[in-house]
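Scroll down for the structure; my scribbles are underneath it.
Derivation of every value follows stated rules applied to the coordinates shown; laboratory data play no part. Everything numeric in this text was worked out from a predicted model, so none of it was measured. Quick reminder, even Gly has a Cβ in these numbers, built from the backbone with ideal geometry, and neighbours come from all protein chains shown.
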Amino acid sequence: MDEIKIYKNPGAKVVIKVINDKCVSAATCIIHAPETFDLDSEGIVYAKQGTWDEAEEIIKAAASCPTTAIIVEDLEGNILYPKQ
Ligand code: SF4
C-alpha cells in the first residue's frame with residue numbers, strides 16, 4: 001500500500017495528497033508551484049507551510065509530474081487532478 005501524505009493549508013482552496021513512493025524527484029512540480037512544493041532531504045516532494053501558489057498553479061504542478069505522484073482535491077474532497 002502506497003503511503004499517502006495529506007497536506008492542508010488554512011488559506012488554500014485545495015488539499016494536496018502526495019504518494020511518496022511514486023515521487024522520483026523530477027522536481028517539475030516545484031518549477032510550476034515553487035511556493036507550494038519542495039523536496040525533503042531524501043528527495044521526496046512535500047507541500048510547504050506558508051502561503052501556497054494559486055490552485056491553478058498547483059494543478060499545473062501536479063499535471064507536470066511524470067509519475068502522477070500528486071493528487072489535488074477541492075475542500076469538499078472532489079478530485080481536481082488527476083481527472084477521473
Ligand atoms: S514532479 Fe512528481 S516526481 Fe517530480 S518531485 Fe514533483 S512529485 Fe516528485
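Taken along the Cα-to-beta-carbon direction at a fixed 7 Å, the label points for GLU73 and ILE31 span 2.9 nm. Computing Rg and the Kirkwood Rh from the Cα coordinates of the chain gives a ratio, Rg/Rh, of 0.91. Extending 7 Å from the Cα toward the beta-carbon at both GLU54 and GLU3 defines two label points whose distance is 3.5 nm.
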